[in-house]
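To start, the structure itself, in structure tokens.
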Amino acid sequence: MSRKMASSFKTTKREEIKSEILTLLNILYHKVDLERKFGGKLLRLYSTDRHHTSSEKDTTSVLPSEKPIFNANQTVKKIEHDKTDKIESLKILEEEAKQCTKCSLCNSRTHVVFGTGSPHADLMFVGEAPGYYEDIKGEPFVGKAGQLLTKIIESIGLKRDGVYIANVLKCRPPENRNPSANEIISCTPFLFQQIDLINPKIICALGTFAAQALLDSRAGIGTLRGKMYEFRGTKLIVTYHPAYLLRNPAEKRKTWEDMKKIRDFLKSADINL
Ligand code: SF4
């Protein structure tokens, strides 16, 4: 290797290490900051390094390797909040997200898309990331995919404002590109704390990305859907993303099967639909 090449290699390596250290410092800062606000009760640890491609194909993994990404999949003790406490904590968390500059998406976003719906929801939907219209409006699942999600919710006798809807990422990746590893790692603590605060009876992961991210799995959506999982002490079910269903209407039947499972679970938990 020539001296020039060796020097360039060293510089690249130095930049990579610098970037990793900055990411870890960001995570640490975020954890300490949120634990300070929430009394150290809510935040779970997670580890670094992931990439993904956004696809609903059964064989596609969004995760880069076989090593665990974070321990979000483990059952944790649920924290009970009284109603005002929960609303107040969600507001603090939303304010935190609105000020967030922990990844580069803060430079291109129009709005932080924190989440919408009832803080007391028994059912919570988690999608991938805001798209163009969500970024403009500051609300998840608007536009055609959002309209379809509303129909899906109503198909089991619930109203859209009676559930809670959020994404793994709170800011839109430019041109709807796939989120990067740093973006996911920086942003997931917001989602985990939303889940802990809302404390739904069941979560529905919408699409490959959300399912693989929440379940820390490399399996395709065709394998992941149709089963009941545990996620941070809450039941979790996987179904297709509404945007995928718009492109593949024949798959709507499978989503209806998944929604029936959710409906039956909520009924068995004495939830009025
Ligand atoms: S995507 Fe998440 S971590 Fe990145 S700036 Fe937005 S809120 Fe912060």
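Tell me, yes or no, whether segment 197-208 has at least one residue that is open to solvent by less than 60 Å² (accessible area, probe 1.4 Å) and farther than 20 Å from residue 118 by Cα.
At the first step, the residues of segment 197-208 found to be open to solvent by less than 60 Å² (accessible area, probe 1.4 Å) are 197-200, 202-208.
Imposing the further condition that a residue be farther than 20 Å from residue 118 by Cα reduces the set to 207-208.
The answer is yes, given that some residue of segment 197-208 is open to solvent by less than 60 Å² (accessible area, probe 1.4 Å) and farther than 20 Å from residue 118 by Cα.
Return the residue satisfying two criteria in turn: it lies in segment 246-273 and is open to solvent by less than 40 Å² (accessible area, probe 1.4 Å) and assigned to a loop (DSSP other than H, G, I, E, B), and of such residues it is nearest to residue 141 (Cα to Cα).
Per the stated criteria, the residue is 271.
Give 137, 151, 170, 159 a once-over and let me know the one that is open to solvent by less than 10 Å² (accessible area, probe 1.4 Å) and of a type in the set (Lys, Arg).
Details: 137 fails: open to solvent by less than 10 Å² (accessible area, probe 1.4 Å); 151 fails: open to solvent by less than 10 Å² (accessible area, probe 1.4 Å); 159 fails: open to solvent by less than 10 Å² (accessible area, probe 1.4 Å).
Result: 170 is the single residue among 137, 151, 170, 159 that is open to solvent by less than 10 Å² (accessible area, probe 1.4 Å) and of a type in the set (Lys, Arg).
Could you tell me how many of the residues in segment 129-182 are at pLDDT below 95, under 16 Å from the mean Cα position of the chain (by Cα) and acidic (Asp, Glu)?
Total satisfying the criteria: 0.
Is it fair to say residue 215 is within 17 Å of the chain's Cα centre (by Cα) and at pLDDT below 95?
Numbers: within 17 Å of the chain's Cα centre (by Cα): yes; at pLDDT below 95: yes.
Answer is yes for this residue.
The values are calculated or read from the model by the stated rules, or taken from the named source; none is laboratory data. Values in this document were obtained by computation on a predicted structure and should not be read as measured data. The area values use the complete protein model at the heavy-atom level, side chains included, leaving out ligands, DNA and RNA. Shrake-Rupley method; radii C 1.70, N 1.55, O 1.52, S 1.80 Å.
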